[in-house]
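Take a look at the structure below.
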Amino acid sequence: MEKASASAWRKFSARYNMIGNVCKTCNTKYFPPRIVCKNCGRNTKMESFAFTGNGEIFSFTKIHVPSEAFKESAPYVIGVIKLDEGPLVEGHIVESSKEPQIGAKVKQVFRRMYTDGEEGLITYHFKFELI
Ligand SMILES: [Zn+2]
């Protein structure tokens, strides 16, 4: 039980602070973190790496027909963001006065994701905002 809890907190930190890792052999950066580098295999030496959260829109789409959890937010934009450090990561792109475009610069922000269940537990996650 204690192990599961510690594991959950590590994942929590990685998710909210964009902590990935970097292969010290070939300098490839990963988010989410990987145990083994895709390039180096067994010669991997991974180290924790904090991403800036800055990047650009690689692709995006607007969701008009959401799942139950996201019905309050629809329509909303989700995208694939190419982080400045290299990895592609999926995320919501928060509403703003600017229209999202491929190549537009974004930064990571921390926002409410959805409200869960009848008790209204609010879940937060990183999203991206146009800059
Ligand atoms: Zn490597």
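Each reported figure results from applying straightforward, stated rules to the coordinates on display, with no laboratory input. As the structure is a prediction and not an experimental result, all values here were calculated from the model. All Cβ positions, even for glycine, are placed from backbone atoms using ideal geometry, and neighbour counts span all protein chains on display.
General observations
- Computed helical MRE - 222 nm, the chain, DSSP H runs ≥ 4 contributing -39500 (n - 2.57), nearest 500: -4000 deg cm²/dmol
- The long axis of helix 2-17 is offset from the longest Cα principal axis of the chain by roughly 70 degrees.
- Pairs beyond 18 Å (Cα-Cα), from Lys98/Lys127; Lys45/Lys127; Lys105/Lys127: Lys45/Lys127
- Neighbour cut-off at most 12 other Cβ (10 Å), DSSP loop, GluC sites (Glu not before Pro), the stretch 18-84: Glu72
- Dipole orientation for the chain: of the candidates Leu88, Tyr76, Phe110, Leu88 has the Cα lying most toward the positive pole (charges on Cβ; Lys, Arg +1; Asp, Glu -1).
- For the chain, the list of Cys residues with no other Cys C-beta under 4.7 Å reads Cys26.
- Using a Gaussian network model of the chain in which every pair of alpha carbons under 10 angstrom is joined by a spring, one finds that among Ala104, Ala69, Ala50 the greatest mean-square fluctuation is at Ala69.
- Cut-off under 5 Å, modelled amide H: who pairs with Phe128 long-range: His92, Ile93, Val94, Val109
- Exposure proxy ranking, count of Cβ atoms within 10 Å, fewest first, for His64, His125, His92: His64, His125, His92
- Net charge dipole size for the chain [Lys, Arg +1 and Asp, Glu -1 on Cβ; Debye, nearest 20]: 700 debye
- Highest-MSF residue in the chain out of Gly91, Gly120, Gly55 [GNM, Cα springs under 10 Å]: Gly120
- Cross-link reach is defined here as a Cα-Cα straight distance under 17 Å, omitting same-chain residues fewer than 8 places apart; for Lys38 the lysines meeting it are Lys24, Lys29.
- Evaluated at q = 0.18 Å⁻¹: base-10 log I(q)/I(0), Debye formula over Cα of the chain: -1.05
- Here the simple spin-label model places points 7 Å from the Cα toward Cβ, and for Ser48 and Lys71 these points are separated by 4.0 nm.
- Database remark: amide H of Ile81 closer than 5 angstrom to the amide H of Phe58, Val89, Glu90, Gly91 (H placed geometrically; neighbours at sequence offset of 5 or more, or on other chains; Pro and chain starts carry no H).
- The chain, relative contact order in percent, only Cα pairs under 8 angstrom and at least six apart counted: 19 percent
- Highest GNM mean-square fluctuation among Asn43, Asn21, Asn54, for the chain modelled with Cα contacts below 10 Å: Asn43.
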